[in-house]
Amino acid sequence: MKKVLIATISIVLLLTMSVSAYARWAGLRTCEAGLSFSGSTANCTATAIASDSTITATMTLQKRNIFGGYSTLATWENLTAENYLRESRGYSSVSSGTYRVLLEVTAVTSGGQTDYKEVETIVEK
């Protein structure tokens with residue numbers, strides 16, 4: 001009786017782990033933030049790839065302040081796409097300093113699974 005119970009619990013755990021792995025695979029796969037400069041313009045890019053999902057992102061450009069934290073210069077919200085998101089935005093009048101692009105991405109599959117990632121890229125100008 002004990003062996004049957006242990007075998008049943010093992011099978012249930014294996015099935016649960018398989019479903020969790022599949023659910024993760026079905027969501028957000030790639031999430032990248034990019035930052036480059038051309039003269040006094042900061043070029044910010046967001047890339048996200050998800051299977052069978054609606055992708056929504058917020059991209060924020062920030063500059064390091066004298067206290068070591070970051071001050072927000074621009075925020076682009078509600079960047080939305082199906083399965084593949086690629087957005088570029090520019091911000092003028094940047095001077096020398098340390099800049100960061102923060103990208104927050106949510107992917108929701110057609111089955112209702114939600115995946116969230118936050119990434120950043122820091123670049124010195």
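Here are a few things to note about the model shown:
- All conditions but one from (1) more than 27 Å from Ser53 (Cβ to Cβ); (2) without any contact (Cβ under 8 Å) to a residue 24 or more places away in the chain apply to Gly112; the one that does not is (1).
- Of the criteria (1) on the phi > 0 side of the Ramachandran plot; (2) in contact with a strand residue (DSSP E or B) (Cβ under 9 Å, 6 or more places away or on another chain), which one Leu35 fails: (1)
- Test: residue in the range 55-62 that is outside any strand (DSSP E or B) and either at pLDDT below 95 or in contact with a strand residue (DSSP E or B) (Cβ under 6 Å, 6 or more places away or on another chain) (or both): no
- Residues in the range 29-58 that are under 14 Å from Glu120 (Cβ atoms) and polar (S, T, N, Q): Thr45, Thr47, Thr58.
- Looking across the range 48-67, the residues that are in contact (Cβ under 8 Å) with a residue 40 or more places away in the chain and either crowded, with 17+ Cβ neighbours inside 10 Å or in contact with a Leu (Cβ under 6 Å, 6 or more places away or on another chain) (or both) come down to Ala48, Ala50, Ser53, Ile55, Thr56, Ala57, Met59, Thr60, Leu61, Gln62.
- Among the residues making up the range 24-42, those that are out of contact with any Leu (no Cβ under 7 Å at 6 or more places or on another chain) and in a strand (DSSP E or B) are Leu28, Arg29, Thr30, Glu32, Gly34, Leu35, Ser36, Phe37, Ser38, Thr41.
- Of all the residues in the range 31-87, those that are small (Gly, Ala, Ser) and within 15 Å of Val119 (Cα to Cα) number 5.
The values are calculated or read from the model by the stated rules, or taken from the named source; none is laboratory data. Just so you know, these numbers come straight off a predicted model, no measurement behind them. For neighbour counting, all protein chains shown are included, and Cβ atoms are generated from backbone atoms with ideal geometry for every residue, glycine included.
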